[in-house]
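A quick write-up on the structure given underneath.
None of the figures in this text is laboratory data; all of them are computed from the coordinates on show. All values derive from a computational prediction rather than experimental measurement. Here Cβ is always computed from backbone atoms with ideal geometry, including for glycine, and neighbour counts include all displayed protein chains.
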Amino acid sequence: MSDDRFAVRFAFDETHLPTGRRESTVKMSICTVAGGRIVREEVYYLDGPQAVTR
């Protein structure tokens, strides 16, 4: 991206314990760095929650 920004993609597989329903979610975090620390995080969800079928 640039010298002061980077992106991280997260993928989650989750199980809702009371119902046993499984879902998968993907998000992208764009982080801005200043002084060696993350000073800003922008979060974008790429998909809405979806049931995992296996």
Exercise. Give a residue-ordered list of calculated ³J(HN,Hα) values for region 25-39 (Karplus: 6.51 cos²θ - 1.76 cosθ + 1.60, θ = phi - 60°; whole Hz; x for Gly, Pro).
Key: 9, 10, 9, 10, 10, 10, 10, 10, 10, 9, x, x, 10, 6, 10
Quiz prompt | region 11-22 - phi-based ³J(HN,Hα) in whole Hz, Karplus 6.51/-1.76/1.60, Gly and Pro as x | solution = 10, 10, 10, 10, 10, 6, 4, x, 9, x, 6, 9
Quiz item: With a sphere of radius 12 Å drawn around the Cβ of Glu42, what net charge do the other residues whose Cβ falls strictly inside it have (Lys, Arg +1; Asp, Glu -1)?
Solution: +2
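Once you list every other residue whose beta carbon is under 14 Å from the beta carbon of Ser29, what net charge do they have if Lys and Arg are +1 and Asp and Glu are -1?
Values: positive: Arg5, Arg9, Lys27, Arg40; negative: Glu41, Glu42.
Combined, the nearby Lys, Arg, Asp and Glu give +2.
Quote to one decimal, in nm, the extra length available between Ala11 and Thr32 on full extension: 0.36 nm per residue of separation minus the C-alpha distance between them.
On the way: separation 21, 0.36 × 21 = 7.56 nm, distance 2.07 nm.
Full extension from Ala11 to Thr32 adds 5.5 nm.
Considering only the other residues whose Cβ falls under 10 Å of the Cβ of Phe12, what net charge follows from Lys and Arg at +1 and Asp and Glu at -1? Provide the component values of the computation, followed by the final result.
Details: positive: Lys27; negative: Asp13, Glu14, Glu23.
For residues surrounding Phe12, the net value is -2.
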